[in-house]
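Below is one structure, written out as structure tokens; comments come after it.
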Amino acid sequence: MRRSPVADGKRILVVDDSPPTVEVIVRNLMDRGFLVWSASSVTEAIRMLESATVDLVITDMKMPGIGGLELVRHVRENFQDTQVVMITGYPSIDSAVEAVKSGADEYLAKPFTDEELLSAVEKVLARQRLHRPDEPLLDEEAGSFHGILGRSEPMREVYRAIHKAASTPATVLISGESGTGKELIARAIHYSSPRSSARFVPVNCGGIPEGLLESELFGHMKGAFTGATESRAGFFQTADGGTILLDEVSETSLAMQVKLLRVLQDGEVFMVGSTRPREMDVRVLAATNKDLQTLIAKGLFREDLFFRLNVISIVAPPLRERPEDIVQLSRYFIDKFASEYDLPAPHLNGRVEEALLQYPWPGNVRELENLMQRLVVMSPGEAIKMPHLPKYMRFTVAGERGLDRTLAEVEREHIRNVLALVGGNKTQAARILGIDRKTLRQKLKRLEG
């Protein structure tokens, strides 16, 4: 059976309460090279849409409870880049008109042939590509975009966001777990923007003591405080004409947040000890590994500053949600460290690659990089085999375990085992564990801490 020319990396969600119908559609589309998931209800479909990127939804019109028309409206108003094909066993002109009015891109009446289904799918996905004339250029051979590696759809979504953000002067909030490459995204925005010839200045707000942060950011005048023997420019002055990244902006105090808000509103900074503001032409990007809206609810982050920073939002996906990129990243880091240490580059065998894909990577790309560095040093020029991997990544027959472990240790082991079992899919893991994804995310944060 021929592979569809538009199938590469495209993700399709099939929603129908009829298992035989779902089975036929899923099998036919997978045979043509598409990545396909299924849901038996609109409620389940919405949960899946919120946890993964989907290019196309194929939904039945009539289903118990919430119907397909409601799902179409939900997709149209919440996922603008997702296409929709409506199918129904009750074809009529009125139902077709209603489907199109709700936002469906195509309409199929049951029974339909495999070729009719494929034709509708290819048509809407080809149209989706046309609706993105400003698609950023990915170096397919290297699988990179402005130095960021990855061909997966979650990363392509990031590239599209970078491409759009680079063309505007608006502030950008980059969020994501530790080790996901937030600074790389910020650099890509700067170096693909009209400011690329000016400076990019990253500032780790969490790494500067609170008492020094204002002076470091805005500079100080001679005599402003004990030890200020001369005037010195701050990071904002250094970035004038270019871009500043406020990394870990969530670590700033409420008092500092007020001052940052003033800079964003007025485009001016006050050096410590000065009564006159200085105008600054600086593009501001911010990054955080914490949920700022949760901090707002706790009174730890100003809502007005959040809105100023969050004009454009980019989420760096965790490594476990982009497994297609793991082997590519591993080989890149192996070659990098082998060259850096002047050692022969080891290679990964098939079982090791499979283990890397199954591991949930709580430390994300940074953890993967550290592991590859260790493997290059410990096994130069050899094939990297399973015994070379850390014990927690290898299969172990469960034996007698002592009863002297804490409940937290048992929980940590069980969660990691379940995540490894489902290839890092948090939705499936949460279902197995009997908790929701939010609770699982909170537990993972505690485990990483």
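The values are calculated or read from the model by the stated rules, or taken from the named source; none is laboratory data. If you're wondering where the values come from, they're calculated on a predicted model, not measured in any experiment. Here the Cβ positions follow ideal geometry from the backbone for every residue, glycine too, while neighbour counts run over all protein chains shown.
Worth pointing out:
- Comparison of Ser231, Ser250 shows that the only residue that is in the same structural domain as Glu303 (by TED's automatic domain parsing), in contact (Cβ under 8 Å) with a residue 24 or more places away in the chain, over 14 Å from Arg199 (Cα atoms) and more than 29 Å from the chain's Cα centre (by Cα) is Ser231.
- Criterion: touching a Gly at 6+ places or on another chain (Cβ under 9 Å), outside the structural domain of Leu212 (by TED's automatic domain parsing) and among the charged types (D, E, K, R) - qualifying residue of Glu279, Glu324: Glu324
Conditions (1) touching a Lys or Arg at 6+ places or on another chain (Cβ under 9 Å); (2) in a loop (DSSP other than H, G, I, E, B), marked per residue:
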site	(1), (2)
Ser197	no, yes
Val201	no, no
Gly206	no, no
Leu212	no, no
Glu216	no, no
Thr226	no, yes
Thr229	yes, yes
Gln237	yes, no
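- Condition broken by Gln265, with the remaining ones in (1) out of contact with any Phe, Trp or Tyr (no Cβ under 9 Å at 6 or more places or on another chain); (2) part of a loop (DSSP other than H, G, I, E, B); (3) exposed (fewer than 15 other Cβ atoms within 10 Å of the Cβ) satisfied: (2)
- Qualifying residue in region 271-288 (condition: part of a helix (DSSP H, G or I) and either without any contact (Cβ under 8 Å) to a residue 12 or more places away in the chain or over 30 Å from Gly234 (Cβ atoms) (or both)): no
- One residue stands out in region 61-80 among those that are aliphatic (A, V, I, L, M) and in a loop (DSSP other than H, G, I, E, B): the one that is surrounded by the most Cβ atoms within 10 Å (Cβ to Cβ), namely Met61.
- With respect to being at pLDDT below 95 and on the phi < 0 side of the Ramachandran plot, Gln257 falls outside the description.
- In region 329-341, the residues that are in contact (Cβ under 8 Å) with a residue 40 or more places away in the chain and of a type in the set (Ser, Thr, Tyr): Ser330, Tyr332
- Qualifying residue in region 92-111 (condition: at negative phi, β-branched (Val, Ile, Thr) and at pLDDT 85 or above): no
- Scanning region 312-332 for residues that are over 19 Å from the mean Cα position of the chain (by Cα) and either modelled with pLDDT of 95 or more or surrounded by fewer than 17 Cβ atoms within 10 Å (Cβ to Cβ) (or both) yields a single hit, Arg331.
- Filter result for Glu400 (outside the structural domain of Leu357 (by TED's automatic domain parsing), at negative phi and modelled with pLDDT under 75): yes
- Residue among Pro380, Pro362, Pro344 that is touching a residue at least 60 places away in the same chain (Cβ under 8 Å) and not in a helix (DSSP H, G or I): Pro362
- Taking region 282-311 as the range and being of a type in the set (Gly, Ala, Ser) and either surrounded by 17 or more Cβ atoms within 10 Å (Cβ to Cβ) or under 23 Å from Thr168 (Cβ atoms) (or both) as the test, the residues that pass are Ala286, Ala287.
- Verdict on Thr243 being touching a residue at least 60 places away in the same chain (Cβ under 8 Å) and surrounded by 21 or more Cβ atoms within 10 Å (Cβ to Cβ): no
- Of all residues in region 7-38 being over 21 Å from Pro323 (Cβ atoms) and in contact with a helix residue (DSSP H, G or I) (Cβ under 7 Å, 6 or more places away or on another chain), the one that is surrounded by the fewest Cβ atoms within 10 Å (Cβ to Cβ): Asn28
- Summed over region 158-186, residues that are part of a helix (DSSP H, G or I), touching a Pro at 6+ places or on another chain (Cβ under 8 Å) and at pLDDT 90 or above total 5.
- Taking (1) more than 24 Å from the chain's Cα centre (by Cα); (2) within 21 Å of Asn425 (Cβ to Cβ) in turn, Thr59 satisfies each apart from (2).
- Residue within region 115-135 that is touching a helix residue (DSSP H, G or I) at 6+ places or on another chain (Cβ under 8 Å), over 29 Å from Glu321 (Cα atoms) and modelled with pLDDT of 80 or more present: no
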